[in-house]
Amino acid sequence: MKLRAIKRIRAILLAKTGLRIGMSRDQMAIGDLDNPVIRNPLTDEPYIPGSSLKGKLRYLLEWSLGGDYILKAKDKHVFASDDPEDPVARIFGLAPENDEKALKVARKRGPTRLLVRDAYLTPDSKEELERTVARGGYLTEIKQEVFIPRLGGNANPRTTERVPAGSRFAVSMTYRILDDKDEDYFQRYLMRALELLELDGLGGHISRGYGQVFFLHPQKPLEEQEGLPIKERLEIETLSFDSL
């Protein structure tokens with residue numbers, strides 16, 4: 001087993017509806033919003049953590065495959081397959097286990113194939129949001145919601161912070177190719193997970209309209225990409241190491 005190639009994936013992730021990826025509540029101060037978004041502490045700008053994007057892709061792929069991924073994920077956070085060719089474990093990795101059987105499987109499976117970087121605002125999207133700030137607005141939007149008990153009672157207001165629709169983030173991922181199966185899994189499973197993300201959503205409150213996203217090729221105009229399959233809306237570059 002050796003590193004044959006690395007696929008480098010770049011795309012622009014467009015928030016078609018308001019997007020909310022929340023920060024830890026233990027980071028909040030008195031008087032903060034009920035549901036703030038996560039921000040870069042140096043710039044105060046919202047961003048998408050790579051762990052959030054990768055975790056949602058894994059979740060969607062597991063549900064699309066079903067079976068043990070769902071039925072046997074009760075005692076642990078995820079189903080840990082003992083098959084070294086398991087696609088989810090290969091692509092997304094598994095937490096290390098200490099028993100000898102798990103270590104043997106891990107050695108056969110090799111390292112995690114998919115690496116997902118944090119996604120930050122694109123320069124043009126950042127400029128648009130900064131113009132909003134200059135007009136007295138904010139980098140994000142504050143959405144007022146009201147919870148009304150079904151059987152009557154007082155309405156309970158709550159405020160939720162969202163990244164506004166139209167915001168764009170620069171997505172960067174790398175995928176390691178160690179054998180022929182990795183190439184097959186890239187096409188068959190990772191592309192499926194990315195398609196499912198567009199059909200489902202990213203972040204919280206998806207069932208209430210939040211988090212609809214769409215991938216765009218960073219070098220093609222938006223109007224030319226409507227209706228294209230996702231493979232044509234990603235910039236994929238293969239760096240080969242076979243000759244090394």
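General observations
- Scope the range 56-71; condition open to solvent by less than 40 Å² (accessible area, probe 1.4 Å) and under 16 Å from the mean Cα position of the chain (by Cα); matching residues: Lys56, Leu57, Arg58, Leu60, Leu61, Glu62
- Selection within the range 159-170 - surrounded by fewer than 16 Cβ atoms within 10 Å (Cβ to Cβ) and either under 16 Å from the mean Cα position of the chain (by Cα) or more than 22 Å from Tyr120 (Cα to Cα) (or both): Thr159
- Among residues of the range 198-220 being closer than 16 Å to Ser167 by Cα and out of contact with any Gly (no Cβ under 9 Å at 6 or more places or on another chain), the one that is most open to solvent (accessible area, probe 1.4 Å) is Pro218.
Residues checked against (1) in a strand (DSSP E or B); (2) more than 13 Å from the chain's Cα centre (by Cα):
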residue: Glu145; (1), (2): yes, yes
residue: Asn154; (1), (2): no, yes
residue: Ser172; (1), (2): yes, no
residue: Asp182; (1), (2): no, yes
residue: Leu190; (1), (2): no, no
residue: Glu195; (1), (2): no, no
residue: Ser207; (1), (2): no, yes
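- Count - residues of the range 102-158 that are modelled with pLDDT of 80 or more, of a type in the set (Ser, Thr, Tyr) and open to solvent by 30 Å² or more (accessible area, probe 1.4 Å): 2
- Of the numbered criteria (1) under 27 Å from Ile38 (Cβ atoms); (2) touching a residue at least 40 places away in the same chain (Cβ under 8 Å); (3) hydroxyl-bearing (Ser, Thr, Tyr), the one Ser207 fails is (2).
- Being among the charged types (D, E, K, R), modelled with pLDDT of 90 or more and over 20 Å from Gly22 (Cα atoms) is true of Arg176.
- Any hit, the range 227-235, residues being basic (Lys, Arg), out of contact with any Asp or Glu (no Cβ under 6 Å at 6 or more places or on another chain) and open to solvent by less than 70 Å² (accessible area, probe 1.4 Å): yes
The values are calculated or read from the model by the stated rules, or taken from the named source; none is laboratory data. From a predicted model like this one, the values you see are computed outputs, not experimental measurements. Ideal geometry is used to build each Cβ from the backbone, glycine not excepted, and the neighbour counts take in all protein chains shown. Note: areas computed on protein heavy atoms with side chains; ligands, DNA, RNA excluded. Shrake-Rupley method; radii C 1.70, N 1.55, O 1.52, S 1.80 Å.
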